[in-house]
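All remarks here apply to the structure that follows.
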Amino acid sequence: MYKAIILPLAQLDIKTAAHWYNKQQKGLGKRFSSQIREKVRFTQLHPNAVFTRYDGVKTAVVDVFPFMIHFTVDKPNKLIIVSAVFHTSLNPEKWKKR
């Protein structure tokens with residue numbers, strides 16, 4: 001299994017979205033965060049099952065919420081490095097600034 005590292009800006013993405021979802025409905029932010037953790041765990045177990053979308057950057061679609069997890073795989077060190085968690089309506093080029 002690969003180890004996951006969630007970079008600070010990706011952590012902020014998750015926190016911001018969870019806060020927004022909690023404002024919409026109590027407990028929904030917790031459900032969102034849980035879905036993110038579940039998808040990150042999946043990528044840790046199956047990094048090659050996820051589509052490579054950009055130059056070495058893979059994107060995993062979250063099952064319930066309209067978000068994509070952007071990450072790279074460091075095979076020699078067995079790491080999944082999460083750089084962004086973006087709503088699918090955002091311009092995907094935004095992750096390149098990270």
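The values are calculated or read from the model by the stated rules, or taken from the named source; none is laboratory data. Worth saying up front: this structure is predicted, and the values here are computed from it rather than measured. Positions of Cβ are backbone-derived with ideal geometry, glycine not excepted, and every protein chain shown enters the neighbour counts.
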Identify the residue in the stretch 17-49 that is of a type in the set (S, T, N, Q) and surrounded by 13 or more Cβ atoms within 10 Å (Cβ to Cβ) and, among all such residues, is farthest from Asp63 (Cα to Cα). Asn22
Give the number of residues within the stretch 32-65 that are more than 14 Å from Phe86 (Cα to Cα), part of a loop (DSSP other than H, G, I, E, B) and of a type in the set (Asp, Glu). 1
Which of the residues belonging to the stretch 1-16 are more than 11 Å from the chain's Cα centre (by Cα), surrounded by 13 or more Cβ atoms within 10 Å (Cβ to Cβ) and part of a loop (DSSP other than H, G, I, E, B)? Tyr2
Would you mind stating whether Phe42 is in contact with a helix residue (DSSP H, G or I) (Cβ under 6 Å, 6 or more places away or on another chain), modelled with pLDDT of 95 or more and hydrophobic (A, V, I, L, M, F, W, C)? no
Residue, modelled with the lowest pLDDT, within the stretch 69-96, restricted to residues that are more than 16 Å from His46 (Cα to Cα) and surrounded by 18 or more Cβ atoms within 10 Å (Cβ to Cβ): Trp95
